[in-house]
Amino acid sequence: MKIRASTLDDVLHEVFERLLRTGRIVPETTKGKKLGKTREASGVVIELTNPRARMSRTEVRHYLLFSCLGKLLWYLAGSDDYGFIRYYIPEYPNESGVPHLRDAYGPRLRSAKKDQLLWITEILRKKPNSRRAVIPFYGMQDTYTDLSEVPCTCTLQFLLRGDRLELLAHMRSNDAYVGLPNDIFAFTMIQELIARSLGVEVGRYKHLVGSLHLYEVNWKAATKFLAEGWQRKHTMPFMPLGDQFESLTSVLKLEKALRTGRNPRTPSSLPGYWRDIVQLLRIHKADRDDASSAEISRLRKGMSSDAYGPFIETKQRRARKREAEQRAGSSGTLFPL
């Protein structure tokens, strides 16, 4: 299967349509007891021609931007803390029931021993045509058969060609409904972060998958996604040119403060692009805290870009629904007639 599209939603539309129509049925596998059999395609190549069009606008999963953003920051923080990711994705799996996940990407991406992002940036500055700018995720320690969870991603390879940075992600396995949109979002954000730090533009993004599959439990949801039709084209703003790592450090500190119950001030020196990311985190926190629609509207006014408007509106609708339910409850009679 080969798919070439300009937006994440167009990619998902093609993937779901093809898997549901022609995907081969594979019996229960490791996760099958909970998720059922799968419809699978092997040796899949997906090309996203506009990596900034990484946000899904589907109404079926209106929360997707915020879960994708949380997962990205979990990676960039170098974290394996289960509590961190559950703050953004409450249903995130944890087969072992431990507080720190052994298959987490964070420590494999950015650890005290080696920050792979800084290393990739450095090697491409020194040798722009290098073919060695590869981040490995799946390693020898993951080849034991009794492990409950191992990374789905094998490698990320960065190729600087001319004034564009290309990225090839190699996946051994990919859940098309849950994992694919999160992976494309996170990996293209990392691609842009490194590209802008190198002073170049984002090039092609290719997603290579050994087993791309759709679990039976998600077949109806995928069908509902297709029933929405083709989504309007929508892209994230341009990340600013120049080194992004100082801004990233500030964002990660602010994220941790918000997640742990504090309300820090966003420094005025933080570029508008990253200030908006932090403001999205504030909106997510407000929604988790059952804030009023007025409060979410107030936070929305602090955004410098309207690119995230449709996603914030979902939070506002949730808040208005909560308020309507509270009014209906308070006006109910004490004794049923």
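Every number here is computed from the coordinates shown, using simple stated rules; none is lab data. Please read all numbers here as calculations on a predicted model, not as lab measurements. Cβ sites come from the backbone with ideal geometry, for glycine too, and all protein chains shown count toward neighbours.
Things to note:
- The dipole here belongs to the stretch 1-81: it is taken about the Cα centre, uses +1 on the Cβ of Lys and Arg and -1 on the Cβ of Asp and Glu, and is about 260 debye.
- Longest exposed-site-free window of the chain, the sites being trypsin sites (Lys or Arg not before Pro) in a DSSP loop that have at most 14 other C-beta atoms within 10 Å: 1-112
- Candidate cross-link partners of LYS233 among the aspartates and glutamates, defined by an alpha-carbon separation under 18 Å and a same-chain spacing of 8 or more, comprise ASP9, ASP10, GLU14, GLU47, GLU59, ASP306, GLU313.
- Cross-link reach is defined here as a Cα-Cα straight distance under 18 Å, omitting same-chain residues fewer than 8 places apart; for LYS206 the lysines meeting it are LYS2.
- Each other residue within a Cβ distance under 13 Å of ASP115 adds +1 if Lys or Arg and -1 if Asp or Glu, for a net charge of +3.
- Rg and Dmax of the stretch 245-328, both derived from C-alpha coordinates alone, stand at 13.5, 49 Å.
- Spacing of the modelled spin labels on GLN326 and ASN263, each 7 Å from Cα toward Cβ, amounts to 1.5 nm.
- Neighbour-count order for TRP219, TRP74, TRP230, fewest beta carbons within 10 angstrom listed first: TRP230, TRP219, TRP74
- Largest first and in whole Å, the equivalent-ellipsoid semi-axes of the stretch 87-154 read 29, 15, 10, each the square root of five times a Cα gyration tensor eigenvalue.
- Given +1 at the Cβ of Lys and Arg, -1 at the Cβ of Asp and Glu and no other charges, the dipole of the chain around its Cα centre is 400 debye to the nearest 20.
- Furthest towards positive pole of dipole, LEU258, ALA222, PHE238, structure part the stretch 217-260, Cβ charges: ALA222
- Of the labelled figures (i) 1.08; (ii) 1.03; (iii) 0.94, only one reflects Cα Rg over 2.2 N^0.38 Å as derived from the coordinates, namely (ii).
- Within straight-line cross-link reach of LYS256, lysines at Cα separation under 17 Å, skipping those fewer than 8 residues along the same chain: LYS71, LYS285
- Radius 15 Å from Cβ of GLY229, net charge of other residues (Lys, Arg +1; Asp, Glu -1): -2
- Hz values of 3J(HN,Hα) by residue in the stretch 196-204 - Karplus curve (6.51, -1.76, 1.60), Gly and Pro given as x: 5, 5, 8, x, 10, 8, 6, x, 5
- DSSP assigns beta bridges within the chain; of those with both partners inside it, close to 65 percent run antiparallel.
- For the stretch 245-328, a crude dipole built from +1 on the beta carbon of Lys and Arg and -1 on the beta carbon of Asp and Glu, taken about the Cα centre, is about 220 debye to the nearest 20.
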